[in-house]
Amino acid sequence: MIASLAARHSWFEATARARLAGLLDPGSFSEILPPAESNPSPHLALLDLPGAFDDGVVVCYGQLGKRPIFAIAQEGQFMGGAVGEIHGAKIVGMLRRAAQEKPAAVLFLIDSGGVRLHEANAGLIAISEIMRAVLDARAAGVPVIALVGGSCGAFGGMGIVAKLCSAIVISEEGRLALSGPEVIETVAGVEEFDSKDRALVWRVTGGKHRYLMGDCAMLVEDDIAAFRSGATEFLAGWSEPVPSVAHLRAGQQTLENRLAAYASYRDGLQVWAALGVAEPESVPLLDRDALVALKEGLPT
Amino acid sequence: METLDFRFDSKPVPRAADPALCGVVGSGNLEILVKSGIEPEACRVRIKTSARGFGETWRAVLDSFATSHPAGGTVIAINDMGATPAVVTLRLAQALAEYQGGGL
């Protein structure tokens, strides 16, 4: 147990650059607009805040299992991975290039609370451009795989972007939702949602819950090597129909059905019971393999 | 935010990875970008920091670093979000090790 933990390199704790270093084939990382050639956000400078050379996102060419891929990695430690103007432009540029050059996939390492509020409209516009660019890349036949397991999860606009991707690979530590816990508590009160209750936050937004609900295609350990093998395995067998309006309508219907079935519940525990999990209170303690086995045994 | 510029005399350092980057602009942390400069016996440093009024502390930390490590021939750019002197020293050593091709 101790040996296996020592061999593990946590995705959650790693920086965006460390994640890429462990995710891509060794030596294949080739950054576009590296730190020495780019400038920090002028908007943050106007607000008297220090920026980051890469504006909190790394975009690169690389290989995964010897197949050419593009990768986008957000740095959650810089301003919560939030999307500003330059940050967003780098992501959009990479996705548009993918639609033209057609790599085997775009790996999107999401770790973000959403729009960078300091950059207001520029950040909002960037998010909407990212959404369109993700769908354009998919329509061009390039799968966009979201990898979610960082400390900021995928929230706000980036939560929507994650769900627009072809599929999501998530770890138990990863989180995915629209409004963040603190936002819900601020707007609707602590009776509605207690953001200090970390266990509750994970039971409602965490990787295990998202995987049980079918929102994420794959659950992996919090380990860079596990994300690498998960993404590799996933790409090997991946094919998807071109996104269409009919597809989106079907997805919308699924969400409406979910709302009708679960809207009155307060906690993931109740949802899991309704899904047919015999002992919902045991779910938070299950390891990854046991949870995957449980999910596969659920009635559909 | 405050911008600080320094120049220190320092023995020349061999370079292998140019530029080298380490650290993240997160709370209590900083990022350091080391590039080659034109003065082989000097190290130039530009700092952008969220914490105002610590110019003398920066000078002391950087002076001590440039004396104890060969760092000549480099231009160092720092974006700081309130890192302590101990963290700054650690990251400088890390960045310089990477610049020399070793890493830590």
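The values are calculated or read from the model by the stated rules, or taken from the named source; none is laboratory data. The structure displayed is predicted, hence computed values, not measured ones. Using ideal geometry, Cβ is built from the backbone for each residue, glycine included, and neighbour counts are taken over all protein chains shown. Areas reflect the complete protein model, heavy atoms only, side chains present, ligands, DNA and RNA absent. Shrake-Rupley method; radii C 1.70, N 1.55, O 1.52, S 1.80 Å.
For a quick check of your reading: which strands (runs of 3 or more DSSP E) sit entirely within segment A:43-153 and have at least 2 residues that are within 14 Å of another protein chain (Cβ to nearest Cβ)?
A:57-64, A:67-74
So which residues in segment A:10-38 are within 18 Å of residue A:94 (Cβ to Cβ), within 12 Å of chain B (Cβ to nearest Cβ) and among the polar types (S, T, N, Q)?
A:38
Can you pull out the residues in segment B:52-75 that are among the aliphatic types (A, V, I, L, M) and in contact with a strand residue (DSSP E or B) (Cβ under 7 Å, 6 or more places away or on another chain)?
B:62, B:66, B:71, B:75
Quick one: in segment A:154-176, which of the residues that are under 25 Å from residue A:225 (Cβ atoms) and not in a strand (DSSP E or B) is nearest to the chain's Cα centre (by Cα)?
A:162
If I ask for residues that are closer than 20 Å to residue B:28 by Cβ and of a type in the set (S, T, N, Q), which ones from segment B:71-85 would you list?
B:79, B:84
Among the residues in segment A:168-181, are any over 30 Å from residue A:137 (Cα atoms) and surrounded by fewer than 23 Cβ atoms within 10 Å (Cβ to Cβ)?
Looking for residues that are over 30 Å from residue A:137 (Cα atoms) and surrounded by fewer than 23 Cβ atoms within 10 Å (Cβ to Cβ), one finds at least one in segment A:168-181, hence yes.
State all residues of segment A:79-115 that are crowded, with 24+ Cβ neighbours inside 10 Å and in contact with a His (Cβ under 7 Å, 6 or more places away or on another chain); if no residue qualifies, say none.
Within segment A:79-115, just A:84 meets the criteria.
May I ask you to verify whether residue B:40 is more than 30 Å from residue A:82 (Cβ to Cβ) and either modelled with pLDDT of 95 or more or of a type outside the set (D, E, K, R) (or both)?
Yes, satisfied.
Keeping to segment A:144-166, report how many residues are among the small types (Gly, Ala, Ser) and open to solvent by less than 10 Å² (accessible area, probe 1.4 Å).
Going through segment A:144-166 one residue at a time, the tally reaches 7.
Has segment A:249-256 got any residue that is closer than 24 Å to residue A:99 by Cβ and modelled with pLDDT under 90?
Scanning segment A:249-256, I find at least one residue that is closer than 24 Å to residue A:99 by Cβ and modelled with pLDDT under 90, so the answer is yes.
Is segment A:22-42 home to any residue that is at pLDDT 95 or above, part of a helix (DSSP H, G or I) and under 16 Å from the mean Cα position of the chain (by Cα)?
Scanning segment A:22-42, I find at least one residue that is at pLDDT 95 or above, part of a helix (DSSP H, G or I) and under 16 Å from the mean Cα position of the chain (by Cα), so the answer is yes.
Of the conditions (1) open to solvent by 20 Å² or more (accessible area, probe 1.4 Å); (2) in contact with a Cys (Cβ under 9 Å, 6 or more places away or on another chain), residue A:24 clears all except one; give me its number.
(1)
Select, from B:34, B:24, the only residue that is touching a strand residue (DSSP E or B) at 6+ places or on another chain (Cβ under 7 Å), assigned to a loop (DSSP other than H, G, I, E, B) and either within 14 Å of chain A (Cβ to nearest Cβ) or open to solvent by 70 Å² or more (accessible area, probe 1.4 Å) (or both).
B:24
State the number of residues belonging to segment A:116-147 that are within 16 Å of residue A:56 (Cα to Cα) and of a type in the set (A, V, I, L, M).
So the answer is 5.
If you take the residues in segment A:182-207 that are β-branched (Val, Ile, Thr) and open to solvent by 60 Å² or more (accessible area, probe 1.4 Å), which one is farthest from residue A:107 (Cα to Cα)?
Result: A:190.
For segment A:177-200, what are the residues that are within 30 Å of residue A:23 (Cβ to Cβ) and either in contact with a Ser or Thr (Cβ under 6 Å, 6 or more places away or on another chain) or assigned to a loop (DSSP other than H, G, I, E, B) (or both)?
Passing the criteria: A:177, A:178, A:179, A:180, A:181, A:182.
Can residue B:15 be described as in contact (Cβ under 8 Å) with a residue 24 or more places away in the chain, within 14 Å of chain A (Cβ to nearest Cβ) and either among the hydroxyl-bearing types (Ser, Thr, Tyr) or within 13 Å of residue A:50 (Cβ to Cβ) (or both)?
no
Can you work out which of the residues in segment B:55-83 that are within 13 Å of chain A (Cβ to nearest Cβ), on the phi < 0 side of the Ramachandran plot and not in a strand (DSSP E or B) is least open to solvent (accessible area, probe 1.4 Å)?
Applying the filter and picking the extreme gives B:83.
Output the residues belonging to segment B:1-44 that are more than 25 Å from residue A:41 (Cβ to Cβ) and of a type in the set (Phe, Trp, Tyr).
B:8
Can you tell which of B:46, B:52, B:91 is out of contact with any helix residue (DSSP H, G or I) (no Cβ under 6 Å at 6 or more places or on another chain), touching a residue at least 60 places away in the same chain (Cβ under 8 Å) and within 14 Å of another protein chain (Cβ to nearest Cβ)?
B:91
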